[in-house]
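See below for the structure under consideration.
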Amino acid sequence: MKWVSVGETHEMPRPEIVLGFHGLCLVKPVDDDDWYMGSLYDDGSIDCWTPYGNLYEALRGL
């Protein structure tokens, strides 16, 4: 899984939960309380760009 930010690419920790929504996804990494919104691609790769403090905030961000 990759985290993509402005001008940089970072490797993210292994995901604990991935919720897919028609090309978008919410990801909760192992050992991290934040949720991340991103793109879920057909090959299974994920680009995350926005962190949220909890699942409620992340769902509202969709």
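Readers should treat all values here as calculations from the given coordinates under stated rules, not as data from a laboratory. Nothing here was measured: the structure is a model prediction, and the numbers come from that model. So basically every Cβ, Gly included, is an ideal-geometry build from the backbone, and we count neighbours across all protein chains shown.
Simple spin-label model, 7 Å along Cα-to-Cβ: ARG14 to THR50 in nm?
Here the modelled spin labels are 2.9 nm apart.
What's the extension gain from ASP31 to ASP43 if we count 0.36 nm per residue and subtract their Cα-Cα distance?
Additional length available on full extension: 1.8 nm.
How do 28-38, 50-60 rank on mean C-beta neighbours within 10 Å, highest first? It would help to have the intermediate numbers written out before the result.
Values: 28-38: 16.2, 50-60: 13.2.
Answer by packing, highest mean first, reads 28-38, 50-60.
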